[in-house]
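Only one structure is covered here, and it is reproduced in the block below.
The values are calculated or read from the model by the stated rules, or taken from the named source; none is laboratory data. Owing to the predicted nature of the structure, the values given are computational and were not obtained by experimental measurement. Backbone-built Cβ (ideal geometry, glycine too); neighbour counts: all protein chains shown. Note: areas computed on protein heavy atoms with side chains; ligands, DNA, RNA excluded. Shrake-Rupley method; radii C 1.70, N 1.55, O 1.52, S 1.80 Å.
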Amino acid sequence: DFRFSSDQNKQQTTRHKTIIMIPSRLLRQRGGPQATRLLSSMRRQPRIVLTRPLSSSSAAVSVVVATDPPAAAAAAATTSATATSPTFETTTTTTRMNLFTAVQDALTIALHTDPSAIVFGQDVAFGGVFRCSQGLRERFGSDRVFNTPLSENGIAGFAVGYAAAGGTAIAEIQFADYIFPAFDQIVNELAKFRYRSGNQWNAGGVTIRSPCGAVGHGGHYHSQSPEAYLAHTPGLTVVMPRGPVTGKGLLLASIRSPDPVIFLEPKALYRAAVDDDVPTGDYELPLGRADVMRHGTDVTVIGWGGQLRALETACDMAQERHGISCELIDLQTIVPWDVETVTGSVLKTGKCLVSHEAPVTCGFGAELVATIQQHCFYSLQSPIQRVCGYDTPFPLVFEKYYLPNEFKNLQAILNVMDAAK
């Protein structure tokens with residue numbers, strides 16, 4: 001845990017706010033797990049505002065934790081007055097965004113705060129198929145936002161080379177279904193670059209964005225969810241957000257991560273997922289940390305990405321129709337995933353359901369089930385349930401039958417509860 005023993009590293013606590021001053025070097029190198037444990041110890045899930053220095057990497061970074069926007073504003077003001085670092089950018093206001101505008105906002109901030117950052121891929125200079133990069137070329141220039149040939153392996157290979165030279169590469173694979181031609185560069189080069197050199201050089205500055213999942217009319221070439229393929233590769237971080245707030249915060253954290261990240265965006269949510277309270281400024285959400293979306297006592301329900309919409313509805317129906325209290329967890333980061341949060345919940349409820357769009361066989365849910373079984377065996381009251389896609393190519397006309405919707409998940413919740421009686 002952090003020790004607060006000097007003027008620069010100090011903690012001030014009032015009834016409304018907690019201010020933690022941490023040198024940015026320490027935050028980058030060791031801040032993730034410790035900061036996560038510190039925040040998780042708070043009884044209420046806080047609103048997190050990260051204020052970043054405009055210059056001088058050795059300057060202090062203020063991590064402002066508050067339970068409401070006014071408190072965040074007060075905390076940020078106090079921090080700015082007491083810090084010895086240069087002027088800070090702060091964010092306290094929020095706005096309404098959908099997922100594609102949240103992604104666009106994150107890319108804008110990344111390009112603005114990192115002069116070495118570039119955005120590239122098929123049609124990204126025109127805004128991309130889903131308009132996530134719209135207006136970026138006009139704002140930042142064609143040398144930083146540009147189209148590439150239709151070559152996924154070339155896109156990934158260029159990203160590896162640019163990051164190896166010290167730059168920040170933000171690549172887009174237009175659809176996750178077409179990430180497979182890039183597997184040689186992703187699996188054999190990107191993921192292994194640091195390891196093969198004994199940490200003398202790396203390609204950690206790579207983030208590869210890609211739309212994934214069902215969209216209602218994509219068929220078998222525009223609907224797949226390849227997270228399990230990618231998660232099997234040591235050296236990669238794999239992330240999938242569920243909406244605008246998590247999309248922006250996780251994308252910024254991914255771009256600034258010291259490790260290469262595959263950032264999968266559920267395409268069905270680009271316009272369907274809307275949050276009213278997306279911070280307008282620069283903020284990050286920690287990678288490797290799950291989010292407990294709702295607390296419950298009867299059964300743990302786990303999912304990620306677009307599947308959370310079906311799971312939220314299933315949990316609502318379970319509560320309203322059957323009085324079943326579900327604890328719903330968004331994994332957020334596929335690897336490294338938050339074993340502690342997940343197993344802690346299952347130890348409490350004694351029952352578990354895992355659900356994802358990808359086919360059931362060797363889907364990432366199988367990894368969760370194996371680990372839960374290992375850590376929670378003596379607390380399990382019934383067999384763990386999986387509700388996933390079928391082991392078939394993704395169908396077009398039969399998509400509504402293929403998807404693990406809220407009704408399939410509600411039935412699985414009832415099954416796991418009945419088996420525990």
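Contact order for the stretch 344-421, expressed relative to its length and based on alpha carbon pairs under 8 Å spaced 6+ residues apart, stands at 39 percent. The convex hull built on the alpha-carbon positions of the stretch 127-199 has an orientation-averaged projected area of 5.4 nm². With protein chains left intact and a 1.4 Å probe, residues in the stretch 109-267 average 37 Å² of accessible area per residue.
Taking the mean number of other Cβ atoms within 10 Å as a proxy for protection, how do you rank 281-288, 170-177 from highest to lowest?
In decreasing order of mean packing, 281-288, 170-177 become 170-177, 281-288.
Between the listed residues 302, 331, 318, the Cα displaced farthest toward the positive end of the dipole of the stretch 299-340, a dipole computed from Cβ unit charges relative to the Cα centre, is found at 318. Cross-link pairs exceeding 26 Å in C-alpha to C-alpha distance, out of 267/408; 267/400; 348/421; 348/400; 351/408, comprise 348/400.
Entry note: the stretch 185-302 has Rg to Rh equal to 1.01, where both radii use alpha-carbon atoms and Rh is the Kirkwood radius. Each part gets one Cα centre, and for the stretch 289-340 versus the stretch 109-187 those centres are 33 Å apart. Converting phi to 3J(HN,Hα) with the Karplus coefficients 6.51, -1.76 and 1.60 and the offset θ = phi - 60°, the stretch 99-113 yields 5, 5, 6, 5, 5, 4, 5, 5, 5, 4, 5, 4, 5, 6, 8 Hz in sequence order, with x at every glycine or proline.
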